[in-house]
Amino acid sequence: MNDSPAPPKLKVAVWKFASCDGCQLSLLDCEDELLPVAETIEIAHFLEASRAVAPGPYDLSLVEGSITTPQDVERIRELRAQSKLLVTIGACASAGGIQALKNFARVEDYLRVVYATPEYVETLATSEPISAHVRVDFELQGCPIDKGQLLEIVLAYANGREPRVPRHCVCVECKRAGQVCVMVASGTPCLGPVTQAGCGALCPRWSRGCYGCFGPMPGANAEGLDERLAMLGSDPRERRRLFSTFYANAPAFRDRHAQGRADEESS
């Protein structure tokens with residue numbers, strides 16, 4: 001008979017900044033998968049699921065959303081101080097999200113279009129990733145994230161190891177599924193060669209180009225892909241729009257957005 005005390009539970013907190021809540025909902029979708037590990041983790045703070053909260057410090061903080069207000073900057077620094085490990089989940093937290101499109105324009109113009117009384121809105125001129133303000137231990141990409149990868153993050157840290165998340169491109173998923181390359185077969189613009197795997201090549205499966213929902217893979221050659229798309233007949237405006245979605249503010253895609261705009265102006 002083993003009378004040794006059970007190891008302490010991993011104290012997990014989930015936080016929201018500027019976002020749509022989709023990545024937090026991915027965690028709720030894991031309820032069946034989380035049952036086997038329920039005795040090893042404690043959800044201490046997760047307002048999307050429960051009003052009951054436990055004070056910090058926390059072993060693991062999962063952070064959704066981007067930094068868009070001065071108050072966000074103060075709050076994320078406080079959360080970092082309370083968290084042994086801090087993991088960003090989703091495009092907003094890791095690159096600024098779709099709202100980072102305002103980074104390429106005048107924020108005043110957006111405020112006038114969106115809000116009837118913009119003078120009451122307090123916002124930063126940019127939408128920034130969490131890593132722009134505090135140290136991040138791991139970034140889980142996706143819009144939304146893959147719940148299997150999220151579960152891997154929680155299980156890994158609960159067992160004291162580093163997470164194992166694929167860093168190869170979507171093209172690998174296409175090849176493994178035996179799917180015909182939409183760019184080679186039909187000249188369809190596709191971000192698959194530079195986008196990190198995780199979606200199961202969902203869009204190419206239906207003969208559509210990848211939209212880059214999981215952001216650029218490590219070492220992504222976005223410039224090379226941009227040149228290839230130009231050779232296939234995509235005009236500068238189309239290419240700029242392709243790189244200007246969920247991960248528009250990620251460095252590899254941001255550079256292509258800027259170059260696309262320059263090409264448009266000179267054409």
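The values are calculated or read from the model by the stated rules, or taken from the named source; none is laboratory data. Quantities reported herein were computed from a predicted structural model and do not represent experimental measurements. Every residue, glycine among them, receives a Cβ derived from its backbone with ideal geometry; neighbour counts consider all protein chains shown.
Tabulated data
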quantity	calculated
Single condition Gly260 does not satisfy, out of (1) outside the structural domain of Ser61 (by TED's automatic domain parsing); (2) modelled with pLDDT of 90 or more	(2)
Filter result (of a type in the set (A, V, I, L, M, F, W, C) and touching a residue at least 40 places away in the same chain (Cβ under 8 Å)) within region 52-75	Ala54, Leu60, Leu62, Val63, Ile67, Val73
Sole residue being modelled with pLDDT of 95 or more and either surrounded by fewer than 20 Cβ atoms within 10 Å (Cβ to Cβ) or touching a strand residue (DSSP E or B) at 6+ places or on another chain (Cβ under 9 Å) (or both), chosen from Ala177, Ala100, Ala185, Ala95	Ala95
Tally of residues being among the acidic types (Asp, Glu) and either part of a loop (DSSP other than H, G, I, E, B) or at pLDDT 95 or above (or both) across region 138-161	2
Arg135 vs. criteria among the basic types (Lys, Arg), within 23 Å of the chain's Cα centre (by Cα), modelled with pLDDT of 95 or more and outside any helix (DSSP H, G or I)	yes
Residue satisfying condition, being over 14 Å from the mean Cα position of the chain (by Cα), of a type in the set (D, E, K, R) and at pLDDT 85 or above, within set Glu64, Glu78, Glu39, Glu31	Glu78
Meets criteria (touching a residue at least 12 places away in the same chain (Cβ under 8 Å), among the charged types (D, E, K, R) and either loosely packed, with under 14 Cβ neighbours inside 10 Å or within 20 Å of Thr245 (Cα to Cα) (or both)) for Arg164	yes
Residue within region 5-19 that is in a helix (DSSP H, G or I) and in contact with a helix residue (DSSP H, G or I) (Cβ under 7 Å, 6 or more places away or on another chain) present	no
Some residue of region 200-212 being in a helix (DSSP H, G or I), in contact with a Phe, Trp or Tyr (Cβ under 8 Å, 6 or more places away or on another chain) and of a type in the set (A, V, I, L, M, F, W, C)	yes
